[in-house]
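The values are calculated or read from the model by the stated rules, or taken from the named source; none is laboratory data. This is a predicted model, so every value here is computed, not measured. Methodologically, a virtual Cβ is constructed for each residue, glycine included, from the backbone with ideal geometry; neighbour enumeration extends over all protein chains shown.
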Amino acid sequence: MQRRKRFAVAVVLGVAALGLLAPTVLAGPDATASVLFGNDDVGSSFPPITEHDESGNGKFNLIPRTVAIAEGGTVTYDIFVRFGVHQPVVYEAGTTPDDIDVLGPFPFVNDPVGRVAVGPAVPAAVGTRAWTTPAGTFDDPGRYLVLCNFAPHFSEFDMYGWVNVK
Ligand SMILES: [Cu+2]
């Protein structure tokens, strides 16, 4: 009887310990993530940005620049634009900014090589829009490049980020 009791206590403690371990062992990245695509309200409001100051470096950003999601997951981009156009475009895992050619016509990047998803081009007159990547975009593990297809933002202000798919 005493032995059975001890065994039962051991089982209960063992299950409790597993319960504590499970979240750290099993928790991978979430299936979804949200990214602010453009932070155009920071810095000065005096155009032209490129000649006036360096505000564009703060405005034309992805926040956070890198997110991690599970295979098959999605990312929602909250596009916010006051200068030019923001258009998120996703390139296949392994693509780097150096691989991208600005092909145009101006003012767009429009490099079709390795492109896996194209979001809406949102002009400043519209201002905001949310875009969720379509199913199939992040089906393979790896590091995906996501850039702004508006060439001045990509080329002059490094407006791009990363999605790590695990
Ligand atoms: Cu942009």
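Worth pointing out:
- Residue selected from the range 36-45 under the condition within 16 Å of the ligand (Cβ to nearest atom) and surrounded by fewer than 20 Cβ atoms within 10 Å (Cβ to Cβ), by the criterion farthest from Gly127 (Cα to Cα): Gly43
- Hey, Thr137 away from the ligand (no atom under 13 Å from the Cβ), in contact with a strand residue (DSSP E or B) (Cβ under 7 Å, 6 or more places away or on another chain) and assigned to a strand (DSSP E or B) or not: no
- Check on Pro47, modelled with pLDDT under 95, part of a loop (DSSP other than H, G, I, E, B) and within 14 Å of the chain's Cα centre (by Cα): no
- In the range 147-160, the residues that are free of Cβ contacts under 8 Å to residues at least 60 places away in the same chain form Cβ pairs under 7 Å with partners that are near the ligand (Cβ under 8 Å from one of its atoms) and of a type outside the set (Gly, Ala, Ser), at six or more places apart or across chains, as follows: Leu147/Phe154; Leu147/Met159; Phe154/Cys148.
- Those strands (runs of 3 or more DSSP E) lying entirely in the range 62-115 with at least 1 residues within 13 Å of the ligand (Cβ to nearest atom): 74-80, 88-91
- Residue match in the range 117-128 (condition: under 15 Å from the mean Cα position of the chain (by Cα), at pLDDT 95 or above and not in a loop (DSSP other than H, G, I, E, B)): yes
- All of (1) touching a residue at least 60 places away in the same chain (Cβ under 8 Å); (2) away from the ligand (no atom under 16 Å from the Cβ); (3) among the hydroxyl-bearing types (Ser, Thr, Tyr) hold for Tyr144 with one exception: (1).
- Meets criteria (within 22 Å of Asn39 (Cβ to Cβ), within 14 Å of the chain's Cα centre (by Cα) and not polar (S, T, N, Q)) for Ile79: yes
- For Lys59, the conditions (1) touching a residue at least 40 places away in the same chain (Cβ under 8 Å); (2) closer than 17 Å to Thr32 by Cβ all hold with the exception of (2).
Yes/no matrix, rows are residues, columns are (1) out of contact with any Lys or Arg (no Cβ under 8 Å at 6 or more places or on another chain); (2) surrounded by 13 or more Cβ atoms within 10 Å (Cβ to Cβ); (3) modelled with pLDDT under 85; (4) aromatic (Phe, Trp, Tyr):
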site: Gln2; (1), (2), (3), (4): yes, no, yes, no
site: Ser55; (1), (2), (3), (4): yes, yes, yes, no
site: Phe60; (1), (2), (3), (4): yes, yes, no, yes
site: Tyr77; (1), (2), (3), (4): yes, yes, no, yes
site: Phe83; (1), (2), (3), (4): no, yes, no, yes
site: Val90; (1), (2), (3), (4): no, yes, no, no
site: Thr96; (1), (2), (3), (4): yes, no, no, no
site: Ile100; (1), (2), (3), (4): yes, yes, no, no
